[in-house]
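Since the structure comes first, as C-alpha cells, the remarks are kept for the end.
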Ligand SMILES: [Cu+2]
C-alpha cells in the first residue's frame, strides 16, 4: 500500500493553519486588557497590595475582595462613600455592586492612603455592549 497523498496534504494544511492562527492569538491580549469585566469580578487582597490594582468593570458588576494574605486589611474609598468601608480578616470576602459609572479609588486603612501604599482603583463604565473587537468565528 502506498501512503494516501490526500491525507498527507490535509496534515500539511492543518500544520499551516496552526501556524497562521498563532499570530492572531498573540494579537488579542492588547485589546483584551482594556476590555471591561462584568458579572462577578474578583480582586485579591494580599499583604499590602490589591491585585489587580486597577480593574475596569461594567455598571452592575459585583466586585469581590478576598483577603488572601496573612494579616488584617481593609477596603475604603478614597473619598465620599460610593461603598461602605470594610475591614477584612484573613480569608474574609467583601462584595460591592458598582452601579454608577465612575472611577473609584480605594485603599487599605492599615497599609495605604488615598492614592498611595496599598491602593487600588475600580473603574466603572456604562454597561452598553461595545464589543466591536470580537474576532471572526
Ligand atoms: Cu492592608
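Test of understanding: extend the Cα→C-beta vector of residue 38 to 7 Å, then name every residue of the range 92-108 with backbone N under 15 Å from that spot. Correct set: 98-101.
Put simply, when 91-97, 56-62, 115-121 are sorted by average Cβ atoms within 10 angstrom per residue, most first, you get 56-62, 115-121, 91-97.
If R0 is 25 Å, the Cβ-Cβ spacing of residue 81 and residue 123 corresponds to a FRET efficiency of close to 0.90. The distance between label points at residue 89 and residue 62 comes to 2.2 nm (points 7 Å beyond Cα on the Cα→Cβ vector).
Throughout, read-outs are computed from the coordinates displayed, never taken from laboratory work. Model, not experiment: these values are computed from the prediction. So basically every Cβ, Gly included, is an ideal-geometry build from the backbone, and we count neighbours across all protein chains shown.
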